[in-house]
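Report on one structure; see the data block that follows.
The values are calculated or read from the model by the stated rules, or taken from the named source; none is laboratory data. Remember, predicted model here, so these are calculated numbers, not experimental data. Counting neighbours? That spans all protein chains shown, and the Cβs are built from the backbone with ideal geometry, glycine included. What goes into the accessible areas is simple: the full protein's heavy atoms, side chains included, and nothing from ligands, DNA or RNA. Shrake-Rupley method; radii C 1.70, N 1.55, O 1.52, S 1.80 Å.
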Amino acid sequence: PATAKTRKKGKAFTIAVMAFKNTSTDRKFDSLGRGLQSMMTTDLAQVTRFRLVERGRLNEILAEHKLARSGYADRRQAVKLGKIVGATHLLGGTFIIHNKKMRLDARLYSTKTGRIVLAKKVSGEQDAFFELQKKLVNEVILALGVKLPPRQRAKVGRIHTADFKAFRKFSQGLRSFDEKRYLAALEALRA
């Protein structure tokens, strides 16, 4: 529910962020989708007008209702999942890595209508993945018509990591955790 503070500044949105799907031929990057999901969720949670569905809760619901876990959703799935988790919007996407280049594609759906609110792709150097991810976060914020005050803009702009290897380990840790391989998750997260 919206707080008095968010009601004064405009409508509150509840967003469910799906894991991004690897469309690269190299399966070693599959776990990055969970890392992107986590980073997008963390950044969007800094916006006071946004409520985010927890990643763990979203995964439970996806498994329980046997819905696709890929980041690529269709209109029908967006509406169904939105109703189940109480989200006003569903964000999903794909990524591809080829020759040290990375491209992120994202779609933001209204879960009420199934309408695509935002379809955006960003691309650049693999080692600058954090810049690509930040561009997508800002596109989502703009698509929902939210103007950030300076303090929130600074929080959203904070870099999680600029090291691609660290990002891969973090993502592998999330994947292991989701698969209930807790020792492997701890090992990857420590690395």
Of those in the stretch 100-129 that are among the polar types (S, T, N, Q) and within 17 Å of I15 (Cβ to Cβ), the residue most open to solvent (accessible area, probe 1.4 Å) is T113
Output for Cβ contacts, cut-off 8 Å, separation at least six or different chains, first residue among the aromatic types (F, W, Y) in the stretch 1-21, second open to solvent by 100 Å² or more (accessible area, probe 1.4 Å) and modelled with pLDDT of 50 or more, reads F13/R51
Would you say L81 is at pLDDT 90 or above, aliphatic (A, V, I, L, M), in contact with a strand residue (DSSP E or B) (Cβ under 8 Å, 6 or more places away or on another chain) and open to solvent by less than 50 Å² (accessible area, probe 1.4 Å)? no
Exactly one of V146, V117, V122, V137 is touching a residue at least 24 places away in the same chain (Cβ under 8 Å) and out of contact with any Phe, Trp or Tyr (no Cβ under 8 Å at 6 or more places or on another chain), and that one is V137
Check your understanding: So is K147 part of a helix (DSSP H, G or I), out of contact with any Leu (no Cβ under 7 Å at 6 or more places or on another chain), open to solvent by 80 Å² or more (accessible area, probe 1.4 Å) and closer than 15 Å to V47 by Cα or not?
Key -> no
Residues in the stretch 158-173: is at least one at pLDDT 90 or above, in a helix (DSSP H, G or I), among the hydroxyl-bearing types (S, T, Y) and more than 25 Å from Q77 (Cβ to Cβ)? no
